[in-house]
Amino acid sequence: MTQRVRLGVNIDHVATVRNARGGALPDPVRAALAAIEAGADGITAHLREDRRHIRDDDMIRLKAAISKPLNFEMAATEQMLDIALAVRPHAVCLVPEKRTERTTEGGLDVAGAREHLAPFVAELSRAGVRVSLFIEPDAQAIEAAAALRAPVVELHTGAWRHAADRGETARARREFERLRDGAARAAALGIECHAGHGLDYEGAREIAALPQIVELNIGHFLIGEAIFVGLSAAIATMRAAIDAGRAGA
Ligand code: PXP
(Lines give C-alpha, C1' and ligand atoms only; values in the text may rest on other atoms or scores of the structure.)
Protein backbone atom coordinates (compact mmCIF):
# COMPACT_ATOMS: atom_id res chain seq x y z
CA MET A 1 0.00 0.00 0.00
CA THR A 2 1.33 3.48 -0.79
CA GLN A 3 2.00 5.64 2.21
CA ARG A 4 -0.29 8.62 2.78
CA VAL A 5 1.59 11.94 2.47
CA ARG A 6 1.55 13.96 5.68
CA LEU A 7 0.30 17.55 5.44
CA GLY A 8 2.00 20.13 7.66
CA VAL A 9 0.09 23.43 7.68
CA ASN A 10 2.23 26.53 8.06
CA ILE A 11 0.33 29.21 10.00
CA ASP A 12 2.91 32.05 9.74
CA HIS A 13 0.67 34.29 7.70
CA VAL A 14 -2.14 34.23 10.22
CA ALA A 15 0.42 35.95 12.44
CA THR A 16 1.30 38.31 9.56
CA VAL A 17 -2.34 39.50 9.49
CA ARG A 18 -2.43 39.77 13.29
CA ASN A 19 0.74 41.83 13.36
CA ALA A 20 -0.61 44.23 10.75
CA ARG A 21 -2.78 45.71 13.52
CA GLY A 22 -0.53 45.01 16.49
CA GLY A 23 -3.23 43.22 18.50
CA ALA A 24 -3.95 39.58 19.36
CA LEU A 25 -6.24 38.68 16.45
CA PRO A 26 -6.33 36.57 14.36
CA ASP A 27 -4.60 34.14 16.71
CA PRO A 28 -2.22 31.69 14.96
CA VAL A 29 -2.84 29.16 17.74
CA ARG A 30 -6.57 29.17 16.96
CA ALA A 31 -5.65 28.67 13.29
CA ALA A 32 -3.41 25.74 14.24
CA LEU A 33 -6.22 24.10 16.21
CA ALA A 34 -8.64 24.66 13.32
CA ALA A 35 -6.10 23.23 10.86
CA ILE A 36 -5.71 20.10 12.97
CA GLU A 37 -9.47 19.77 13.27
CA ALA A 38 -9.63 19.99 9.46
CA GLY A 39 -7.08 17.21 9.00
CA ALA A 40 -3.58 18.74 9.21
CA ASP A 41 -1.04 16.15 10.34
CA GLY A 42 1.19 18.77 11.93
CA ILE A 43 1.72 22.50 12.32
CA THR A 44 4.70 24.41 10.96
CA ALA A 45 5.77 27.85 12.12
CA HIS A 46 8.85 29.90 11.29
CA LEU A 47 10.28 32.07 14.05
CA ARG A 48 12.21 34.55 11.95
CA GLU A 49 15.01 36.58 13.42
CA ASP A 50 13.06 39.81 12.76
CA ARG A 51 9.85 38.27 14.28
CA ARG A 52 7.89 39.59 11.35
CA HIS A 53 5.11 37.04 11.84
CA ILE A 54 5.46 34.28 14.47
CA ARG A 55 6.73 35.49 17.86
CA ASP A 56 8.46 33.68 20.69
CA ASP A 57 5.29 33.34 22.76
CA ASP A 58 3.41 31.92 19.74
CA MET A 59 5.86 29.03 19.68
CA ILE A 60 5.37 28.39 23.39
CA ARG A 61 1.58 28.56 23.06
CA LEU A 62 1.58 26.34 19.97
CA LYS A 63 3.63 23.67 21.68
CA ALA A 64 1.27 23.72 24.68
CA ALA A 65 -1.97 23.79 22.68
CA ILE A 66 -1.62 21.38 19.79
CA SER A 67 -2.00 17.63 19.81
CA LYS A 68 -0.09 17.06 16.54
CA PRO A 69 3.64 17.51 15.87
CA LEU A 70 5.04 21.05 15.86
CA ASN A 71 7.64 21.75 13.19
CA PHE A 72 9.74 24.78 14.23
CA GLU A 73 11.46 26.46 11.29
CA MET A 74 14.48 28.55 12.24
CA ALA A 75 17.84 29.87 11.15
CA ALA A 76 20.90 28.15 12.60
CA THR A 77 21.74 30.78 15.24
CA GLU A 78 22.59 30.42 18.92
CA GLN A 79 19.53 32.42 19.95
CA MET A 80 17.18 30.20 17.94
CA LEU A 81 18.83 27.07 19.25
CA ASP A 82 18.21 28.21 22.84
CA ILE A 83 14.55 28.89 22.06
CA ALA A 84 14.11 25.54 20.29
CA LEU A 85 15.72 23.67 23.16
CA ALA A 86 13.33 25.41 25.58
CA VAL A 87 10.22 24.80 23.43
CA ARG A 88 11.18 21.21 22.50
CA PRO A 89 9.13 20.92 19.32
CA HIS A 90 8.74 17.57 17.60
CA ALA A 91 10.91 18.79 14.72
CA VAL A 92 13.17 21.66 13.74
CA CYS A 93 13.66 22.59 10.11
CA LEU A 94 16.85 24.60 9.67
CA VAL A 95 16.44 27.23 6.97
CA PRO A 96 18.66 29.92 5.51
CA GLU A 97 17.47 33.39 6.43
CA LYS A 98 18.11 36.81 4.99
CA ARG A 99 16.47 39.77 6.68
CA THR A 100 15.64 41.52 3.43
CA GLU A 101 13.98 38.54 1.74
CA ARG A 102 10.21 38.31 1.45
CA THR A 103 10.25 34.58 2.07
CA THR A 104 12.83 31.77 2.32
CA GLU A 105 14.30 32.23 -1.13
CA GLY A 106 16.61 29.24 -1.45
CA GLY A 107 17.88 26.18 0.31
CA LEU A 108 20.69 25.92 2.84
CA ASP A 109 24.24 25.73 1.53
CA VAL A 110 24.82 22.54 3.51
CA ALA A 111 28.12 21.64 1.85
CA GLY A 112 29.56 25.14 2.40
CA ALA A 113 28.19 25.55 5.94
CA ARG A 114 28.82 22.03 7.17
CA GLU A 115 30.98 23.05 10.11
CA HIS A 116 28.49 25.69 11.20
CA LEU A 117 25.49 23.37 10.91
CA ALA A 118 27.00 20.27 12.52
CA PRO A 119 26.60 21.36 16.18
CA PHE A 120 22.99 22.44 15.56
CA VAL A 121 22.07 19.08 14.07
CA ALA A 122 23.90 17.25 16.86
CA GLU A 123 22.51 19.26 19.76
CA LEU A 124 18.91 19.24 18.58
CA SER A 125 19.13 15.51 17.84
CA ARG A 126 20.52 14.89 21.33
CA ALA A 127 17.51 16.74 22.73
CA GLY A 128 15.19 14.35 20.88
CA VAL A 129 14.19 16.85 18.19
CA ARG A 130 13.93 15.52 14.64
CA VAL A 131 16.12 17.75 12.48
CA SER A 132 15.32 18.62 8.92
CA LEU A 133 17.46 20.68 6.53
CA PHE A 134 15.70 22.87 3.96
CA ILE A 135 17.72 22.40 0.78
CA GLU A 136 17.66 22.71 -2.97
CA PRO A 137 17.24 19.30 -4.61
CA ASP A 138 20.95 19.05 -5.46
CA ALA A 139 23.07 15.95 -5.09
CA GLN A 140 25.78 17.89 -3.25
CA ALA A 141 23.36 19.29 -0.65
CA ILE A 142 21.72 15.90 -0.13
CA GLU A 143 25.04 14.15 0.33
CA ALA A 144 26.19 16.86 2.75
CA ALA A 145 22.94 16.38 4.71
CA ALA A 146 23.64 12.66 4.91
CA ALA A 147 27.18 13.36 6.11
CA LEU A 148 25.71 15.54 8.88
CA ARG A 149 23.40 12.66 9.82
CA ALA A 150 20.30 14.79 9.35
CA PRO A 151 17.36 12.37 9.48
CA VAL A 152 15.20 14.55 7.22
CA VAL A 153 15.60 16.95 4.31
CA GLU A 154 12.90 19.26 3.03
CA LEU A 155 13.29 19.93 -0.68
CA HIS A 156 12.63 23.54 -1.73
CA THR A 157 9.89 23.49 -4.36
CA GLY A 158 9.98 27.26 -4.93
CA ALA A 159 11.99 27.34 -8.17
CA TRP A 160 9.70 24.69 -9.70
CA ARG A 161 6.47 26.47 -8.72
CA HIS A 162 7.84 29.85 -9.74
CA ALA A 163 8.63 28.54 -13.24
CA ALA A 164 5.23 26.82 -13.48
CA ASP A 165 3.37 29.95 -12.31
CA ARG A 166 5.15 32.01 -14.99
CA GLY A 167 4.29 29.51 -17.71
CA GLU A 168 7.95 28.54 -18.22
CA THR A 169 7.11 24.97 -19.10
CA ALA A 170 10.58 23.68 -20.04
CA ARG A 171 12.17 25.19 -16.93
CA ALA A 172 9.35 23.87 -14.72
CA ARG A 173 9.90 20.38 -16.15
CA ARG A 174 13.64 20.56 -15.45
CA GLU A 175 12.99 21.76 -11.90
CA PHE A 176 10.51 18.96 -11.33
CA GLU A 177 13.07 16.44 -12.59
CA ARG A 178 15.58 17.84 -10.10
CA LEU A 179 13.03 17.30 -7.33
CA ARG A 180 12.28 13.77 -8.57
CA ASP A 181 15.99 12.87 -8.68
CA GLY A 182 16.67 14.60 -5.35
CA ALA A 183 13.88 12.72 -3.59
CA ALA A 184 15.18 9.42 -4.96
CA ARG A 185 18.75 10.22 -3.88
CA ALA A 186 17.69 11.28 -0.37
CA ALA A 187 15.65 8.12 0.10
CA ALA A 188 18.50 5.96 -1.20
CA LEU A 189 20.71 7.52 1.49
CA GLY A 190 18.12 6.70 4.16
CA ILE A 191 16.98 10.32 4.60
CA GLU A 192 13.27 11.04 5.02
CA CYS A 193 12.16 13.42 2.31
CA HIS A 194 9.79 16.35 2.78
CA ALA A 195 9.00 19.16 0.37
CA GLY A 196 7.52 22.61 0.46
CA HIS A 197 7.36 26.22 -0.64
CA GLY A 198 4.96 27.85 -3.03
CA LEU A 199 2.70 24.80 -3.29
CA ASP A 200 -0.91 25.23 -4.42
CA TYR A 201 -3.43 22.43 -5.09
CA GLU A 202 -1.87 21.56 -8.45
CA GLY A 203 1.72 21.70 -7.18
CA ALA A 204 0.86 19.56 -4.16
CA ARG A 205 -0.91 17.00 -6.35
CA GLU A 206 2.09 16.72 -8.69
CA ILE A 207 4.78 16.50 -6.03
CA ALA A 208 2.77 13.96 -3.99
CA ALA A 209 3.16 11.60 -6.95
CA LEU A 210 6.86 11.20 -6.07
CA PRO A 211 6.82 8.05 -3.93
CA GLN A 212 9.68 9.15 -1.64
CA ILE A 213 7.85 12.27 -0.42
CA VAL A 214 6.65 11.72 3.14
CA GLU A 215 5.47 15.21 4.12
CA LEU A 216 4.49 18.50 2.50
CA ASN A 217 4.60 21.80 4.35
CA ILE A 218 2.20 24.36 2.94
CA GLY A 219 1.31 27.83 4.18
CA HIS A 220 0.84 30.91 2.06
CA PHE A 221 -1.57 29.42 -0.49
CA LEU A 222 -3.75 27.73 2.15
CA ILE A 223 -4.05 30.84 4.31
CA GLY A 224 -4.90 32.86 1.19
CA GLU A 225 -7.53 30.34 0.08
CA ALA A 226 -9.00 30.39 3.58
CA ILE A 227 -10.10 34.00 2.95
CA PHE A 228 -12.43 32.75 0.24
CA VAL A 229 -13.53 29.26 1.28
CA GLY A 230 -12.51 28.97 4.94
CA LEU A 231 -9.50 27.16 6.38
CA SER A 232 -11.29 23.88 6.83
CA ALA A 233 -12.47 23.69 3.19
CA ALA A 234 -9.05 24.76 1.89
CA ILE A 235 -7.34 22.02 3.90
CA ALA A 236 -9.92 19.43 2.79
CA THR A 237 -9.34 20.32 -0.88
CA MET A 238 -5.56 20.23 -0.34
CA ARG A 239 -5.85 16.85 1.35
CA ALA A 240 -7.84 15.51 -1.62
CA ALA A 241 -5.28 16.93 -4.09
CA ILE A 242 -2.40 15.29 -2.23
CA ASP A 243 -4.22 11.97 -1.98
CA ALA A 244 -5.08 12.09 -5.70
CA GLY A 245 -1.42 12.77 -6.54
CA ARG A 246 -0.21 9.92 -4.39
CA ALA A 247 -2.80 7.57 -5.87
CA GLY A 248 -1.59 8.49 -9.36
CA ALA A 249 -4.88 10.10 -10.38
N1 PXP B 1 8.81 24.91 4.13
C2 PXP B 1 9.73 25.81 4.52
C3 PXP B 1 11.03 25.31 5.04
C4 PXP B 1 9.47 27.21 4.49
O5 PXP B 1 10.41 28.08 4.88
C6 PXP B 1 8.20 27.63 4.06
C7 PXP B 1 7.87 29.10 4.06
O8 PXP B 1 7.96 29.58 5.35
C9 PXP B 1 7.26 26.66 3.67
C10 PXP B 1 7.61 25.31 3.70
C11 PXP B 1 5.89 27.02 3.24
O12 PXP B 1 5.92 27.76 2.05
P13 PXP B 1 4.59 28.45 1.54
O14 PXP B 1 4.17 29.43 2.60
O15 PXP B 1 5.01 29.10 0.27
O16 PXP B 1 3.58 27.37 1.35
Quiz item: Does the range 65-74 contain any residue that is under 17 Å from the mean Cα position of the chain (by Cα), within 14 Å of the ligand (Cβ to nearest atom) and surrounded by fewer than 17 Cβ atoms within 10 Å (Cβ to Cβ)?
Solution: no
Practice problem: Output the qualifying pairs, or none if there are none: Cβ atoms under 8 angstrom, residues six or more apart or on different chains, first residue in the range 28-55 and modelled with pLDDT under 95, second residue in a loop (DSSP other than H, G, I, E, B) and among the aromatic types (Phe, Trp, Tyr). | Solution: none
Quiz item: In the set Glu78, Glu101, which member is within 13 Å of the ligand (Cβ to nearest atom) and either free of Cβ contacts under 8 Å to residues at least 24 places away in the same chain or over 20 Å from Asn10 (Cβ atoms) (or both)?
Solution: Glu101
Practice problem: Quickly run through the range 41-57 and pick out the residues that are in contact with a Leu (Cβ under 9 Å, 6 or more places away or on another chain) and more than 13 Å from the ligand (Cβ to nearest atom). | Solution: Asp41, Arg55, Asp56
Quiz item: All but one of (1) surrounded by fewer than 16 Cβ atoms within 10 Å (Cβ to Cβ); (2) of a type outside the set (Lys, Arg); (3) over 18 Å from the mean Cα position of the chain (by Cα) hold for Glu49; which doesn't?
Solution: (3)
Self-check item: Hits in the range 215-249 (condition: assigned to a loop (DSSP other than H, G, I, E, B) and surrounded by 16 or more Cβ atoms within 10 Å (Cβ to Cβ))
Solution: Gly219
Quiz item: What do you reckon, is Arg185 farther than 21 Å from Ile242 by Cβ, within 16 Å of the ligand (Cβ to nearest atom) and over 16 Å from the mean Cα position of the chain (by Cα)?
Solution: no
Quiz item: Within the set of pairs 6+ apart or on separate chains, which have a first residue in the range 127-154 that is under 12 Å from Val110 (Cβ atoms), a second that is outside any helix (DSSP H, G or I) and of a type in the set (D, E, K, R), and C-beta atoms under 6 Å apart?
Solution: Ser132/Glu154; Phe134/Glu154
Quiz item: Within the range 180-202, is there a residue that is in contact with a Lys or Arg (Cβ under 8 Å, 6 or more places away or on another chain) and more than 25 Å from Asn10 (Cβ to Cβ)?
Solution: no
Quiz item: Say we look at the range 1-60 and pick out the residues that are in contact with a Lys or Arg (Cβ under 6 Å, 6 or more places away or on another chain) and among the small types (Gly, Ala, Ser); which of these is farthest from Ala76 (Cα to Cα)?
Solution: Gly39
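The values are calculated or read from the model by the stated rules, or taken from the named source; none is laboratory data. Because the structure is a prediction, the values reported are computed rather than measured. Methodologically, a virtual Cβ is constructed for each residue, glycine included, from the backbone with ideal geometry; neighbour enumeration extends over all protein chains shown.
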